[in-house]
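These notes concern the structure reproduced below.
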Amino acid sequence: MATAEDLTIKPTSQALLSDTAPARRQNLGQVIRWMLLFGGGVAMVMPLVYMISTSLKFPFEVYNLNLIPEEPTLENYQLVLGDIRFAWWFGNSILIATLTTVSNVFFDSLVGYTLCKFKFRGRYIVFIAILSTLMIPTEMLVIPWYLMSQQLGWLDTHWGIMFPGMMTAFGVFLMKQFFETVPDDFIEAARIDGLNEFQIWWSVAMPLVKPALAALAIFVFLGNWTAFIWPLIVTNSPEMYTLPVGLTTFSVEQQVEWELIMTGAAISTLPTLIVFLIFQRFIIRGVVMAGLKG
Amino acid sequence: MQLYRNLSIRQKQVVWAWGFLAVPIVFYVSIRFYPTANAVILSFMDWNLLGDKTWIGFENYVKLVQDPVFWKVFGNTFLYLIIGTPLSLVVSFVIAYHLDKVRFMHGTIRALYFLPFMTSAVAMAWVWRWFYQPVPIGLFNNFLASLGLQQVAFLNSTTNALPSVLAPAVWAGLGFQVIIFMAGLRAIPKTYYEAARIDGVSTWTVLWEITLPLLRPTIVFLVVFSSIGFLRIFDHVFNMTTNNPGGPLNSTKPLVLMIYDTAFNSFDMGYAAAQTVVLFTVLLCVSLLQLRLLRDR
């Protein structure tokens, strides 16, 4: 706790009454705290480290505890990436996560803006109705969605995988909160300049909430990239699987070849990990924003 | 003249507003509300997906109450909740509380804790599944063997399997909770702490009397957020027990897995719908509890 505040209050009394032992004890405490925290952090990433390390090992070495492979190899990656199915699954996941993100950023902010900046009858009811859908769990809807997809011929299609996630109440709520920070004067001024309502939203209000849009995009993308239960239900041909569903099938096939399973797991995890490492500060700020406002 | 112009602008705006809302309203009605109603109606029917639907009243619910598997599953789901939520909250609070006071490499340590949150549950379930394998395959048991300790049956044991499946779920969510806790800690005004220091209050008293009470909204949010997550646990269980989903002997089976099985393996749609209504009710109770707790503040 040796912060600037300590220095402002303590030195006089401490310097007079005691030697430096408490200060030294405090420093030691700080070092122990730091070491425990750092050790805990390293332990947290160990599963990821072992996943990557094993994916670089030859089968004979897989069951050793050593972290750094004696003979590192990319053979597992060649084998797994050589499997055409991984290309399909990767492509499907990218496509679905991207399209749902674009749709969410567009519609959630449009609805959030409308509910925030327009005064009209029924807006409160619309807001409450949308918000109430937060209480409905996906798992309750999968059966009706499945039946619906069956009737409309959406089973085993990209559209079938992504239609349930095209808009989210969470996003609407988040964006409504952030549009509150956009001054009404800006919108009024744009209106006097002769912009129509869509132009005002798109070119005046939207640029002012970019950080919120980014936070929303991160959440939606990650959510769809890792989504499992609905893609598992709606798809049944391997060409249509998303990465998580594909990984499940692939791992079940492999049974005991853990180095290949770890490679598959690494391939589906590394993209998000790398993105995180690049945009770390930004992503954490976004998560806090979404978590606290949403 | 002035009045008329005002009115027309406002009317124009109303038209714009409903125009903006048109597509989303169609979406929410057809993809959220209609399916919800559909699930509830379906829960009163007997239907195997191919034959005719027959109205059977509350028979599915009666069957559910009399089904020993359902009670087992209900108990499991409750166990995931009652172990997972307090455990993850206490651990993440301790980490956040101390990390908040560390300056050296603060960002790096925070990133280490947060990294698992960016992974997919399916991939990590397989990594942990490998850890749990018996000697000579699994990492944990190899480690125990190298220390000369006794082997532990993780996923093959009816008592150990549930906590073993829960562990990666807690692990993956920890970073998010740490970040939210730290944001909550930052929001507490420094003046309270300064006042306490002048009064010579002990660190423990500060924690119990100032930090935790002022952190209440954050705690309530995280309790509800993680409770809902643990009540809906599925990805981890499904992937770690693919050879016998929910096994051994249903000892890890959560409600969502039972719903999935009933609907898409047994094709007993009405019965599965009744189970989803139960899940919905439980989640609704948790959310309403949150609203109450926040209002009491």
If you count, for each residue, the other Cβ atoms within 10 Å and average over each peptide, how do B:216-226, A:70-80 line up from highest to lowest? B:216-226, A:70-80
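Grab the beta carbon distance between B:GLU209 and A:LEU74, set R0 = 51 Å, and tell me the FRET efficiency rounded to 0.05. Mind showing how you got there, number by number?
On the way: r = 57 Å, r/R0 = 1.12.
According to the calculation, E is roughly 0.35.
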To the nearest Å, what is the center-to-center distance of region A:254-294 and region A:166-229, using C-alpha atoms only? 25
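Return the FRET efficiency for the residue pair B:ALA187, B:VAL286: r is the Cβ-Cβ distance, R0 is 22 Å, and the value is rounded to the nearest 0.05.
Numbers: r = 24 Å, r/R0 = 1.11.
My answer for the efficiency is 0.35.
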Between A:ASN196 and A:LEU134, what is the label-to-label distance in nm when each label sits 7 Å out along the Cα-to-Cβ direction? 3.4
D for region B:60-295, whole µm²/s, Stokes-Einstein with Kirkwood Rh over alpha-carbon pairs at 25 °C and 0.890 mPa s: what number? 123
Let me have the 222 nm mean residue ellipticity of chain A computed from DSSP H runs of 4+ only, each contributing -39500 (n - 2.57), with the sum over all residues rounded to the nearest 500. -23500 deg cm²/dmol
Let me have the 222 nm mean residue ellipticity of chain B computed from DSSP H runs of 4+ only, each contributing -39500 (n - 2.57), with the sum over all residues rounded to the nearest 500. -22000 deg cm²/dmol
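Return the ratio Rg/(2.2 N^0.38 Å) for chain A, where Rg is computed over Cα atoms only.
Dividing the Cα Rg of chain A by 2.2 N^0.38 Å gives 1.36.
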Equivalent-ellipsoid semi-axes of the protein assembly as shown, from the Cα gyration tensor, Å, largest first: 39, 37, 24
Under 5 Å between amide hydrogens, which residues at least 5 positions from B:SER120 or on another chain qualify, with H placed 1.01 Å from N in the peptide plane? none
Taking Cα centroids, how far is region B:1-75 from region B:197-238 in Å? 34
What FRET efficiency, computed as 1/(1 + (r/R0)^6) with R0 = 60 Å and r the Cβ-Cβ distance, is obtained for A:LEU95 and B:ILE198, rounded to the nearest 0.05? 0.50
Point-to-point label distance, A:ARG121-B:SER157, nm (Cα→Cβ direction, 7 Å offset): 6.7
Amide H contacts under 5 Å for B:MET45, restricted to residues at least 5 apart in sequence or on another chain and with H modeled in the peptide plane, are B:ILE56
Counting only other chains, and only Cβ atoms inside 10 Å, what mean value do you get across the residues of A:42-51? 6
When Rg is the radius of gyration of the Cα atoms in region A:38-187 and Rh is its Kirkwood radius, what does Rg/Rh come to? 1.16
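Readers should treat all values here as calculations from the given coordinates under stated rules, not as data from a laboratory. None of the values given here were measured: they were computed from a predicted structure. For neighbour counting, all protein chains shown are included, and Cβ atoms are generated from backbone atoms with ideal geometry for every residue, glycine included.
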